[in-house]
Amino acid sequence: MEWIGAGSLLAWAWLLLGQGFFWRTDVRLPDRRDPERWPSVAVVVPARDEAAVLPDSLPSLLGQKYPGRAEVFLVDDGSTDGTGALARELAAARGGLPLTVSSPGEPGPGWTGKLWALRHGIALARERVGPEYLLLTDADIAHEPDSLRELVAAARSADLDLVSQMARLRVVTRWERLIVPAFVYFFGQLYPFRWVNRPGARTAAAAGGCVLLRREAAERAGIPEAIRHAVIDDVTLARAVKRSGRAEGGRIWLGLADRVASVRPYPRPADLWRMVSRSAYAQLRHQPLLLLGTVLGLALVYLVPPVALAVGAAGGGAAVAALGGAAWAVMCGTYLPMLRHYGQPWWTAPLLPFTALLYLLMTVDSAVQHHRGRGAAWKGRTYPKP
């Protein structure tokens, strides 16, 4: 147990100092200035059965205070709850940016529903607007009135092909407060934002709820056709953009949002479970060995510290207790900035091992559902391994 505890502490020392300072929450939109000419933008919103959240999100897009030309294209992806009709009613009642509502029909072979909808929306936007930028945003994402202006200014100022913000997710219920901050924390651990934003670095990621994409970069990368099968479409999109185009690759940026937020509620544990498990095994490329390594890694990093502290305190030795306690303390220290970002109390940081155990179980469940033929299920669609 002493050796295992030492291994966990060493792992945390590496994560603290060698993983791109993933635990810091100060990566915000880069310095920006207004361009001399504001480029045209098409906002593309794929939506499937989103009538419950659309009144809280769509008006925020239609109400954007953008100095250039901008239009909103909502693609109703086979909704059965009146999403398209509601979108038209909201636009008629609220006004603002022009809105086009269309439907692409059922996805073509090899396409996921969201990317099929994006394909249709982007094609329509090219025909109607000929935009220089595309804002790809989900139907549950609400934007402050200056969100589009700030995104475009950042992209222009830093000559970026892609600018993405991790929307602030909802934390209202007890389970949301337990699981949501950890979700963003784990995402940053997998894809440290500083590494993503470094030109020429291999790490690439985006947050699918808010992605501003230069149209030329999308065409160079073959978006969305080149990623039509992707379940984790945001990370796959960012990789395609970063690997394409310029000699040093596409320039991308990812950070936390202050003025972009998800309005989707996850009132029950089962809702959060489905949200995580539907794509967890796809993240591991459906590889059993990667799943095994992930389970062992999560256990070593997150579960060993409290177990070692308990074993040591129960007579297993002072060294074991000290190693477990030190690793747990580092873990809590790295989690505190994310808890502050979400306005959660500091004393919930020691609960991270329990939350990590839940994510471990969600990942295993994702693999089980995949092998039962029910993996990557979302709103009535199930996507097999590509």
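The values are calculated or read from the model by the stated rules, or taken from the named source; none is laboratory data. Values in this document were obtained by computation on a predicted structure and should not be read as measured data. Backbone-built Cβ (ideal geometry, glycine too); neighbour counts: all protein chains shown.
Residues in segment 337-349 that are over 18 Å from Phe22 (Cα atoms) and either without any contact (Cβ under 8 Å) to a residue 24 or more places away in the chain or crowded, with 16+ Cβ neighbours inside 10 Å (or both): 5 in all. Applying the criterion of being without any contact (Cβ under 8 Å) to a residue 60 or more places away in the chain and either outside any helix (DSSP H, G or I) or in contact with a Ser or Thr (Cβ under 9 Å, 6 or more places away or on another chain) (or both) to the residues of segment 284-302, the residue that is nearest to Val364 (Cα to Cα) is Gln287. All told, Val311 meets the bar of being of a type in the set (Val, Ile, Thr), crowded, with 19+ Cβ neighbours inside 10 Å, more than 15 Å from Ala356 (Cβ to Cβ) and out of contact with any strand residue (DSSP E or B) (no Cβ under 7 Å at 6 or more places or on another chain). Residue pairs whose Cβ atoms lie under 7 Å apart, sitting 6 or more positions apart in sequence or on different chains, and linking a residue in segment 136-156 that is more than 21 Å from Ala238 (Cα to Cα) to a partner that is among the β-branched types (Val, Ile, Thr) and buried (at least 21 other Cβ atoms within 10 Å of the Cβ), are His143/Val260.
Matching residues to (1) among the hydroxyl-bearing types (Ser, Thr, Tyr); (2) over 23 Å from Pro30 (Cα atoms):
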position: Thr100; (1), (2): yes, yes
position: Gly105; (1), (2): no, yes
position: Gly110; (1), (2): no, yes
position: Lys114; (1), (2): no, yes
position: Ile141; (1), (2): no, no
position: Pro145; (1), (2): no, no
position: Glu150; (1), (2): no, no
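The single condition among (1) within 18 Å of Gly209 (Cβ to Cβ); (2) crowded, with 18+ Cβ neighbours inside 10 Å; (3) modelled with pLDDT of 95 or more that Glu144 does not meet is (2). Restricted to segment 175-199, and to residues there that are of a type in the set (Lys, Arg) and in a helix (DSSP H, G or I), the residue that is nearest to Leu272 (Cα to Cα) is Arg177. Checked against the criterion of being surrounded by fewer than 22 Cβ atoms within 10 Å (Cβ to Cβ) and of a type in the set (Gly, Ala, Ser), the candidates Ala158, Ala167, Ala204 yield just one match: Ala158. When Leu135 is tested against the conditions (1) crowded, with 23+ Cβ neighbours inside 10 Å; (2) at pLDDT below 95, the lone failure is (2). Counting the residues of segment 243-283 that are of a type in the set (D, E, K, R) and not in a loop (DSSP other than H, G, I, E, B) gives 5. Taken as a whole, segment 113-135 holds no residue that is on the phi > 0 side of the Ramachandran plot and not small (Gly, Ala, Ser). Condition check: among the basic types (Lys, Arg), in the same structural domain as Phe186 (by TED's automatic domain parsing) and in contact (Cβ under 8 Å) with a residue 12 or more places away in the chain. Does Arg251 satisfy that? It is true that Arg251 is among the basic types (Lys, Arg), in the same structural domain as Phe186 (by TED's automatic domain parsing) and in contact (Cβ under 8 Å) with a residue 12 or more places away in the chain. Checked against (1) without any contact (Cβ under 8 Å) to a residue 60 or more places away in the chain; (2) assigned to a loop (DSSP other than H, G, I, E, B); (3) under 29 Å from Val41 (Cβ atoms), Arg202 passes all but a single condition, namely (3).
Filtering segment 57-104 to residues that are among the β-branched types (Val, Ile, Thr) and touching a helix residue (DSSP H, G or I) at 6+ places or on another chain (Cβ under 7 Å) leaves Val72, Val75, Thr83, Thr100, Val101. Kindly indicate whether any position in segment 228-242 is under 19 Å from His120 (Cα atoms), in a loop (DSSP other than H, G, I, E, B), of a type in the set (D, E, K, R) and assigned by TED's automatic domain parsing to the domain that holds Ala47. Yes: one or more hits.
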